[in-house]
Amino acid sequence: MIHIVPKPTDTPDDNSTGMVIRALKERDCPYELLDLDAIDPFSPDISGETIWVCGIKQDGVQFEVISALSLANRMVNDPHAIAVCASKAQTTARLMAAGVPTPDTIFTGSLTEAKRFLARHQQAVYKPLYGYDGNGIFPFTDTSELPEGPYYLQEYVKNDRDYRVFVIGGVAVGAIVRISDTFAHNIHQGGTGMAIMDLPEEMKTVAGAAARAIGIDYCGVDLLERGSSYTVLEVNGTPNWHCMEAPIPDLLAEYLIKEDLKK
């Protein structure tokens with residue numbers, strides 16, 4: 001049995017959970033929706049199962065529930081991996097440790113260190129440590145533009161687009177290019193997404209390496225072009241798959257079934 005934690009941000013027009021459920025139904029795979037607000041995570045009733053976490057509320061409760069459930073169940077994605085992806089500092093630390101290309105980055109509570117970082121690069125990018133959908137991200141050339149610390153800062157990499165690559169089981173299976181007239185290219189910030197029909201090998205290599213560095217079952221890896229290769233901006237642990245040509249719901253359903261059979 002596959003238990004499903006629905007994504008709380010699903011809408012009738014953008015229903016990630018529903019898409020995968022349809023794919024499971026087509027494969028005659030039994031499933032059950034799991035309400036994290038209505039279960040006892042310490043009960044032995046849910047044990048030895050496969051639990052797909054399509055998304056969770058950022059309320060401090062649901063993460064604790066899935067963390068407790070992970071002790072006795074196969075979680076996709078694992079709560080630890082979701083937590084790593086939620087923190088840009090934790091993501092960057094693992095990318096750097098694994099040798100995955102990522103922009104020069106600093107995380108510090110010191111404005112003096114932030115000034116030294118800016119002096120090296122002349123222009124940098126401020127990102128909220130736990131932000132999402134491109135909210136609160138902006139380039140700056142003077143530290144007087146920064147809010148109160150701590151500071152997660154990256155070198156500015158000149159670009160007019162970025163890429164979201166969907167990775168399952170360490171393998172890149174689909175991607176889009178996102179283009180906009182503004183600094184942030186996220187679709188939620190007004191960017192336009194277009195499917196990439198044939199993923200460049202270097203794109204697949206870098207995105208797959210990023211997912212493996214995090215230790216995550218599936219994710220969305222955000223890339224910028226840099227020379228003849230790519231650099232990783234961040235990794236999303238509960239990604240959408242807007243505009244992708246690849247049949248992501250079918251691929252996810254097949255992955256869940258395969259993992260459930262391993263138990």
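Taken together, the values in this text are just the output of simple stated rules run on the coordinates, not laboratory data. Everything numeric here is computed off the predicted structure, so don't read it as measured data. Every residue, glycine as well, gets a Cβ built from its backbone with ideal geometry; the counts of neighbours run over all protein chains shown.
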Work out, step by step, the length gained on full extension between residue 22 and residue 104: first 0.36 nm times the residue separation, then minus their alpha carbon distance; give nm to one decimal. 25.3 nm
Give the lysines whose C-alpha is closer than 30 Å to that of residue 57, dropping any in the same chain fewer than 8 places away, or say none. 7, 25, 88, 127, 258, 262, 263
Two-decimal log10 I(q)/I(0) for the stretch 105-155, as the Debye equation yields it once each C-alpha is a single scatterer, q = 0.15, 0.19, 0.24, 0.31 Å⁻¹: -0.32, -0.52, -0.84, -1.39
Take every Cα pair under 8 Å in the chain that's 6+ residues apart, average their separations, divide by the length, and report that relative contact order as a whole percent. 20
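Just want the ordering: 46, 82, from fewest to most Cβ atoms lying within 10 Å of their own Cβ. Numbers along the way, then the final one.
Numbers: 46 19, 82 22.
Fewest-to-most Cβ neighbours within 10 Å comes out as 46, 82.
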Using alpha carbon centroids, what distance separates the stretch 95-113 and the stretch 10-30, in Å? 38
With semi-axes √(5λ) of the Cα gyration tensor in Å defined as stated, name the option among [x] 33, 21, 16; [y] 39, 21, 17; [z] 26, 24, 19 computed from the structure displayed. [x]
FRET efficiency for residue 112 and residue 132, using Cβ-Cβ distance with R0 set to 25 Å, rounded to 0.05: 0.30
Check cross-link reach from residue 115 to the aspartates and glutamates: straight Cα distance under 12 Å, and skip same-chain residues fewer than eight apart. 142, 145
For the residue pair residue 157 and residue 83, what label-to-label distance in nm results when each label sits 7 Å from Cα along the Cα-to-beta-carbon direction? 2.8
Most mobile of 224, 95, 34 in a GNM of the chain (Cα contacts under 10 Å): 34
Between 109, 169, 237, where does the largest GNM mean-square fluctuation fall for the chain, given springs only between Cα atoms within less than 10 Å? 109
Under the rule a/c < 1.5 gives rounded, and otherwise a/b versus b/c splits prolate from oblate, where does the stretch 16-96 land using the Cα gyration tensor? oblate
Pick from 11, 105, 91: which residue has the top mean-square fluctuation in a GNM of the chain where Cα pairs under 10 Å get a spring? 11
Working out 0.36 nm times the residue gap between residue 37 and residue 11, then minus their Cα-Cα distance, what length gain in nm do you get to one decimal? 7.4 nm
Run the numbers for residue 90 and residue 142: contour at 0.36 nm per residue of separation, minus the present Cα-Cα distance, in nm. 16.2 nm
